[in-house]
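This report concerns only the one structure given below.
Bear in mind that the values in this text are calculations on the coordinates, not laboratory data. These numbers come from a predicted model, not from an experiment. Heads up, the Cβs are rebuilt from the backbone with ideal geometry, glycines too, and the neighbour counts pull from every protein chain shown.
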Amino acid sequence: MKSAEIRQKFLQFFESQGHTIVPSSSLVPGNDPTLLFTNSGMVQFKDLFLGTETRSYKRATSSQRSVRAGGKHNDLENVGYTARHHTFFEMLGNFSFGDYFKREAIQYAWQLLTGVYGLPKEKLWVTVYQEDDEAYALWRDEIGVPVERIIRIGDNKGARYASDNFWQMGDTGPCGPCTEIFYDHGPDIWGGPPGSPEEDGDRYIEIWNLVFMQFERDAAGTLTPLPKPCVDTGMGLERIAAVLQHVHSNYEIDLFQNLIKAAARETGCTDLNENSLKVIADHIRACSFLIVDGVIPGSEGRGYVLRRIIRRALRHGYNLGQKKPFFYRLVKDLVIEMGEAYPELVANQSRVEQVLRQEEERFGETLENGMKILDVALAGLKPGQALDGDTLFTLYDTYGFPTDLTADICREREIDVDMAGFEVAMKRQRDQARAAGKFKQSAGLSYDGAKTVFVGYSELLGEGRVTALYVDG
Ligand code: ATP
Ligand code: MG
Ligand code: MG
Ligand code: MG
C-alpha cells in the first residue's frame, strides 16, 4: 500500500465514523506564540480542547504536517540514528471534542489497524499510563489483547528514548494520560518491548498514540481539569507505511526511497545505504515545508532552526563530496512525491528553491574552511574526549557552524563537545565587545557595541539553540 493510499484510508475510515476531515494547518502555529512549530495534529485544535472555541463538529480527522526540530519535542538529533524519527513527518489523527472518550478511541484504533489495514494482532503491543486501570481493562476485556502484551508505563523522565505515557504538547497547554500501540518488527532487529531495558532499540516501534486529554497545564505547572474530556490521537504516516510496506525503517518506504535516490543523484553518491542520504532526504522535507509556511533562514527563533537544518543537510552533502549547491535541486523531486497531497508546495516551488539556493551559496564558502579547521582539531582527539569550547566558538562565530552541527560531526567520531567552554568563550567575546563599545563611545564614536553584542547572545539563547541529546515522549 503506497503512502498516499494509507493516508486516504485513514481519513475515509474516520469520516465513515462521523468525523469531519480537516486540512493540515501551517507549521507555524497561528494560535500559539509559545510553540515553535506545529508538532502534532492537536495543535490546530488546542482551543477546542480548552473549551474556549467551538465548531460545527465534535469529531475531526486530519493528516497534519509536523516538525519536531526544537522546543519540547525535538528529534533533530535522532535523524540518521534511528529507523523511526524525522524532523518533518505527517501525523494522522482523530479527535473528539467532548464527544467520545477512551472506549471508542481504543475500538476505532484497533478496528482500523487490524481490520482496514489488516495487521496481524499478535504483532501489536500496547502500553497504558501506570494508573489508568480503565484503559488497561478496555484492552484486556473488550479488545482481548493478552496481558503479556499490555504494559503499564509511568512518567519515565530523563531516559533517552523511553516511553512516557503522559502526553503534552509543550510546557503549557492541554495534556493527559495516553495509551500507545507498538508494532513488533521481529527478532532480527535489536530492541525490547516498551518499558524494558532494551526499549531504546528499534524492534518494537511505537506507531500510534491515543491521548486522553483531561487537563490543562499552566505556566506554574498546575493541572486543571478540562471542561470536557477529549481524545487526541497521532499516528506517524511514515511509520505505519513502513509496517504496511513490510520494511523496517521509515527511510525504506516508497516516498523516502525516491528522495534518497534523488539525493544520491545530486551528490554523486553511489551507495544508497549511506546515512548522509537519509539525513538529506529528511531535511529537504522539513526545510521546504517550513519555507512554504513562511519561515525564512535567519539568526533567531524559527528562522535559526531552519538555518540549522539547512546547514546540517549541506554538511552531509559535503560529507559525500558535494561542495557545490545541490540541496535546492531536490525540491522538484519532493514536489513529485508530495505535491499532490500538498498543493501549496507546488505553488511555492520556485520560491523554496530560491531561498534554499541563496542559503547554500551563503554557507558554501565558510563550510569548507570551517571543515578544515574542525578536521585539524579532531585529528588530535580520541573517542571519548571533547572538542574544546574555543574551537566550537570560532566555528560558530566565524564560520557559521551552529553548535549542534559541530556536535553532529563530533558525534560520528564519538567525540563530545565542551558546551560549558563554548559559553565561556561566548561571554568573553561579549565582554570584550562591550568594553570596546564603551571605549569608542567615550571617544565620541557612534559604534553601537551593546547592540552588536546582543545579536550574538539572543542567537544563542533563542529557541533556535538545541544542544540536548535527549528526547521526550
Ligand atoms: P517516539 O517515542 O518514537 O519518539 P513519540 O512518543 O515522541 O514517539 P508522539 O508524541 O506520541 O511520539 O507522537 C504520536 C506519533 O507520531 C507517534 O506514535 C509516531 O507514530 C509519530 N511520530 C512521533 N515523532 C515522530 C518523528 N520524529 N518522526 C516520525 N514520526 C513520529
Ligand atoms: Mg508517543
Ligand atoms: Mg514515545
Ligand atoms: Mg519522541
The chain, helix-only ellipticity at 222 nm - DSSP H runs n ≥ 4, -39,500 (n - 2.57), divided by all residues, nearest 500: -13000 deg cm²/dmol
Residues Arg430, Arg307, sorted so that the one with the fewest Cβ neighbours within 10 Å comes first: Arg430, Arg307
Alpha-carbon radius of gyration plus Dmax, which is the widest Cα pair, for the stretch 150-255 in Å: 15.6, 47
Angle between the chain longest axis and helix 403-412 axis [Cα atoms, degrees, rounded to 10]: 70 degrees
Per-pair calculated FRET efficiency, R0 = 41 Å: Asn369 and Ala347 via Cβ, rounded to 0.05: 0.65
Rotationally averaged projected area of the stretch 98-225 (alpha carbon convex hull; nm²): 8.4 nm²
Radius ratio Rg over Rh of the chain, counting only Cα atoms, Kirkwood formula for Rh: 0.99
Candidates per trypsin sites (Lys or Arg not before Pro) in the stretch 372-419, loop by DSSP, up to 15 other Cβ within 10 Å: Arg413
Amide H partners (placed H, <5 Å) of Leu226, local residues excluded: Phe215, Glu216
Charge dipole of the stretch 257-359 about the Cα centre (unit charges at C-beta), most positive-ward option of Leu314, Gly294, Ala262: Leu314
Ranked by how many other beta carbons lie within 10 Å on average, peptides 41-48, 61-68 from highest: 61-68, 41-48
Candidates per GluC sites (Glu not before Pro) in the stretch 359-436, loop by DSSP, up to 11 other Cβ within 10 Å: Glu414
